[in-house]
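Everything below concerns the one structure shown next.
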Amino acid sequence: MAKPRPSVVKRSIYSWILGRNTNLQLVVLVLIAITVFARVLPLEMQKRIVNEAIRLRQVDLLVRYCAIYLASVITASGLKYLITVLQVMISQRTLARMRKGLFAHIISLPLNFFRNTQPGLVVSSLISELTLPANFVGMAIAAPVINLLTLVAFAVYLFFLNPWLAALSLSIYPIVVFLVPLLQKRVNQANKKRVDATRSLSDKIQETISGIHEVHGNAAYDIENRKFGGIVDRLYRIRLRWDFFRASVKVSNNFFTSLGPFLVFILGGYLTIQGQLELGALVAFLSAQEKLYDPWKELIEFYQVYQDGNVTYTKTMRYFDSQPEHALAPSDRAPYRLEGHVEVKDLAFVTGDGIRLLDRISLELKPGEHMALVGFSGSGKSTLAQCIGQLYAYTDGQALFGNAEVRDLTKKDMALNMGFVAQAPFIFDGTIEDNLLYSCQAARDVSDGASEAPEPSLEDMIQVLHQTGLFVDTLRFGLNAMLDAERDHALVEQLVRVRKNFRQQFGKTLADYVEFFEEDRYLYHSSVAANLLFGTSKRKEFSGPALAANRDFIAFLEKADLKRPLMELGADLARQTVDILGNLPPDKVFFEQSPIAPEELEDFKPLAQQTRRHKLHQLTPEERYKLLELALRFIPGRHKMVSFPELLERLILEGRALFKEQIHKDHPDAFAFYDEGDYIFSQTIQNNIFFGKTKTTRPKAQDTIVQSIIQLLIEEDLLETIVGIGMQFQVGSKGDKLSGGQRQKLAIARVFLKSPHLLIMDEATSALDNNSQARIQNFLGTRLKGRTTVIAVVHRLDIISDYDKVAVMKAGKLIEIGSYDDLMAQKGVLYGLIHGKK
Amino acid sequence: MDSSMEKNKSDASCEFQQNLEILRQIELFAGLPMETLKVFAYLCRRESYTAEDFVFREDDDDGQAVYIISGQLFLIHETDDGEETLRTYQPGDFIGGLSLLASGRRLFSLKAGKDTECMVMTREKFAKAIAQFPELVPRIFRSVVDSIRRWDQHLLFAMTEKGLSLEGMTGISAL
């Protein structure tokens, strides 16, 4: 395989200095040459001003020299700025390239690598560790050249002024040059340790956070604090040492260079007193010498950055210096199209420490054949599937896929022809649709634009949603979406029409499950605010938290005799909620039935205390506002920690009518009251179809509701539209807004959508309920049989009778293979497994 | 622990308070401290079923436990020949405590005999809550072990009484 460039981890830090930065670096060099000249010129002018202009009392000379002085100072500063900008550009460009290169390399590394590598380490490597090396690359040409040149220029100038003095004052520098590397060596040692300790620290954090359930479960806070504390202390000591030596490099450098003027004063002063040196020359000499410090200091700093950067770079790159087990893409041909023929001969997989996970396995599958892999956990069935799927590189024997050796195929060849569903599939942040298209998109990228597979259509996607049983879930997401008045104009009108038919057809069936928006009934599954307003506000001051601060609204509450009773309710809610949830973590499970959000809880704690100690009228306006605002959120059907007095309920119903009258009079355009003929944009699609809200979370009832809606949507030809909206549901980071079953179904769906020739499923249905599992099994058996080769690692033995072949594994060996019926008739190991004999 | 049982002067019977009272009667929860019980009481929900509604069915892994407030539930085994009723539960009975502790598929179905109201706790909520009070886990285990032993004892007694063979039937507490 021809490799155009060495892998990023093999590159030395120096290789980044030129390369694609060559042009910028050349520009820097030119600028430096001019800058150095512009830096030396003022010295000469200084001397001439004192010696010629002042001594000869010639104002025109003074003006001319000063002008030149000023011009060169401006030029030098301007150019220095330009050089710095270029330096930053180079280092940021390099940082970006290093990051991209290293990231691409890291994600291509074999799965094995990540067994021992915590994500935290990758994060810190990519984010913080590469900054120092990149800084070095930015400085690599500019810093040494400009400072060395300046130094040499000043030194020459000093010799030109007075060779003896020059030699004396420069005699200090060799000492520094000798001393600094000695100290720097210690700095480097400390830095290496620092990188290691930082790594352990990020590993530790990662470990604790991923295992937070265990920590809580065992109240192992002290253990974790001790472990973490130990590493932090070690890092503290190392950092202290690192900074101590770094500082000592700086200080000793400063000390020795400060000795320079001392020497010049002694010798130069003596020579001037003796009349052997002009005063102007001494002044020029002193200031020239003064100017030596800056470049020298910068050189030393550069030296430090170079050393630190080099150490960090080498440590980082060396850590990731493993090679991918398979080439990513073919370089000299198009990716193969492989038939679903699988043949495994004497396959073995031995780990680095000599453990034989797979032992001489041989089997063959014709295109379209289905095989179930069964066995105890640890028998190697997953490993076998992963070796055939190229996720692990087998160490011996052969695995042929479409007559090509899996080991020699590139990742792209595999991805184009095979679908793999992992046991714990990963769902990415984005919409359902994004995740559905993930495999297809990747496969299309593979085909290099010449996509043989067209982009899947909405119908294709809906089809796989059906096949995997994700359809109803997606429909639910759609039904729970809100519509936009502008964008969804047409749909809204349709939905309002649907509402009437819905009432006619299902009103009775669902009466037990749905609370309809009726003007003279209290809505127990809506908030107090919703009950009072009974509509959607078109103005900000009449919605959300602003409502409780709205003067008109407060005046209305007083008129309706509601202000104090509501505040009382708020106080009760605050006390009870704080009492129950006060010490619990901000988990969704705990706060689902709470009127107070987890982030507000701390605010409400002192308030709850206040309401115990004081009467309502003794509270501050701010406190009373908070209580009122809380009461307005109260939903009796959900917030069960307080009782809802009947009197208050009646007052609120009265208030609803009063509010409507009042608002019609005062702000006729501020509200859209719930009306059977209007769409309510502040409510979900489902609530709009119902013109009400569901009362229950019982699965059975939900099923009835969804079935009714589906029937209705089919009649109205809206089903696809709503599912389309559901596919825009954001699944959250790692898909955490989906249930385990939904994630697994989505992972299967995205592979089905790709329709590969070989489908490998590694306990892919383990998190599914019986129905969903049966549905997928049925799809495999009826639609894919004879078309797609399937290898399924199976945990539950009651679903394997549909497979053409069953392979039984034990301790890395294949001990039985054959058709289900044959194996059962043999009464061998499979028979024993199924009948519970071990 | 503060004034804990919030004096709810206006009405002592909000759902949360009722749940709290119920939990104190269920063996699995009875001995737990008030602070913990409140969290459980808060997390419980009410569900109502009409006759023939299933609370759960064989092979489901529904992960819930129910306490009957009113009505009647039947534990049934569905066979090819029809249904066999194994037990009848009345108000005050608590069913499915084990499924709060670990996942597993149901061996039986639970069906409403008439309009029934239940208090329901789910495994997810139970697990999240108990994780907050890890020191209580041993107590929970204790009460599970106790009830298994009592069950075994009961079976032993009942079968000896009827003169039935015990072989292979009891001994679950010796697991």
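The values are calculated or read from the model by the stated rules, or taken from the named source; none is laboratory data. Here the structure is a predicted model, which means the values were calculated and not measured. All Cβ positions, even for glycine, are placed from backbone atoms using ideal geometry, and neighbour counts span all protein chains on display.
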Against the definition (without any contact (Cβ under 8 Å) to a residue 60 or more places away in the chain and among the acidic types (Asp, Glu)), how does A:Asp346 come out, yes or no? yes
Failed item, numbered, when B:Leu164 is tested on (1) at pLDDT 85 or above; (2) not assigned by TED's automatic domain parsing to the domain that holds B:Thr50: (1)
Please enumerate the residues belonging to region A:487-534 that are farther than 22 Å from A:Phe681 by Cβ and within 42 Å of the chain's Cα centre (by Cα). A:Tyr513, A:Tyr524
Any hit, region A:96-114, residues being touching a residue at least 12 places away in the same chain (Cβ under 8 Å), in contact with a Leu (Cβ under 6 Å, 6 or more places away or on another chain), under 28 Å from A:Glu298 (Cβ atoms) and in the same structural domain as A:Lys291 (by TED's automatic domain parsing): yes
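For (1) within 14 Å of chain B (Cβ to nearest Cβ); (2) in contact (Cβ under 8 Å) with a residue 60 or more places away in the chain; (3) not hydrophobic (A, V, I, L, M, F, W, C), each residue gets a yes or a no:
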{"residue": "A:Leu658", "(1), (2), (3)": "no, yes, no"}
{"residue": "A:Ile663", "(1), (2), (3)": "no, no, no"}
{"residue": "A:Tyr679", "(1), (2), (3)": "no, yes, yes"}
{"residue": "A:Asn687", "(1), (2), (3)": "no, no, yes"}
{"residue": "A:Thr704", "(1), (2), (3)": "yes, yes, yes"}
{"residue": "A:Leu719", "(1), (2), (3)": "no, yes, no"}
{"residue": "A:Gly735", "(1), (2), (3)": "no, yes, yes"}
{"residue": "A:Gln742", "(1), (2), (3)": "no, yes, yes"}
{"residue": "A:Lys745", "(1), (2), (3)": "no, yes, yes"}
Evaluation of A:Leu483 against (1) within 22 Å of A:His639 (Cα to Cα); (2) not in a helix (DSSP H, G or I) (one fails), failing number: (1)
Which one is farthest from the other protein chains (Cβ to nearest Cβ), of the residues in region B:91-134 that are under 16 Å from the mean Cα position of the chain (by Cα) and charged (D, E, K, R)? B:Asp93
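Run down B:Thr79, B:Thr88, B:Thr50 and say which single residue is more than 10 Å from chain A (Cβ to nearest Cβ), more than 17 Å from the chain's Cα centre (by Cα) and not acidic (Asp, Glu). So that I can check it myself, show each step before the final result.
On the way: B:Thr88 fails: more than 17 Å from the chain's Cα centre (by Cα); B:Thr50 fails: more than 10 Å from chain A (Cβ to nearest Cβ).
Just one listed residue meets the conditions, B:Thr79.
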So if I check each of A:Leu271, A:Leu277, A:Leu299, which one is closer than 30 Å to A:Glu52 by Cβ and either free of Cβ contacts under 8 Å to residues at least 40 places away in the same chain or in a helix (DSSP H, G or I) (or both)? A:Leu271
Please give the number of the condition A:Gly570 fails out of (1) in contact with a Leu (Cβ under 9 Å, 6 or more places away or on another chain); (2) modelled with pLDDT under 90; (3) surrounded by 20 or more Cβ atoms within 10 Å (Cβ to Cβ). (2)
Filter region A:650-671 down to residues that are of a type in the set (Asp, Glu) and over 47 Å from the mean Cα position of the chain (by Cα) and give me whichever is farthest from A:Lys563 (Cα to Cα). A:Asp666
Please list, ordered by first then second residue, the pairs with beta carbon atoms under 9 Å, 6 or more apart or interchain, first in region A:239-254 and without any contact (Cβ under 8 Å) to a residue 40 or more places away in the chain and closer than 12 Å to A:Asp308 by Cβ, second small (Gly, Ala, Ser) and assigned to a helix (DSSP H, G or I). A:Asp243/A:Ala190
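Against the definition (assigned to a helix (DSSP H, G or I) and either in contact with a strand residue (DSSP E or B) (Cβ under 7 Å, 6 or more places away or on another chain) or in contact (Cβ under 8 Å) with a residue 12 or more places away in the chain (or both)), how does A:Leu148 come out, yes or no? Don't jump to the end; show me each part of the working.
On the way: assigned to a helix (DSSP H, G or I): yes; either in contact with a strand residue (DSSP E or B) (Cβ under 7 Å, 6 or more places away or on another chain) or in contact (Cβ under 8 Å) with a residue 12 or more places away in the chain (or both): yes.
Answer is yes for this residue.
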The number of residues in region B:63-73 that are of a type outside the set (A, V, I, L, M), surrounded by 20 or more Cβ atoms within 10 Å (Cβ to Cβ) and either part of a loop (DSSP other than H, G, I, E, B) or more than 13 Å from chain A (Cβ to nearest Cβ) (or both) is 2
(1) in a helix (DSSP H, G or I); (2) within 14 Å of chain B (Cβ to nearest Cβ); (3) among the β-branched types (Val, Ile, Thr): which one isn't true of A:Val751, the others all being true? (2)
Does any residue of region A:735-743 turn out to be hydroxyl-bearing (Ser, Thr, Tyr), surrounded by fewer than 17 Cβ atoms within 10 Å (Cβ to Cβ) and farther than 26 Å from A:Val421 by Cβ? no
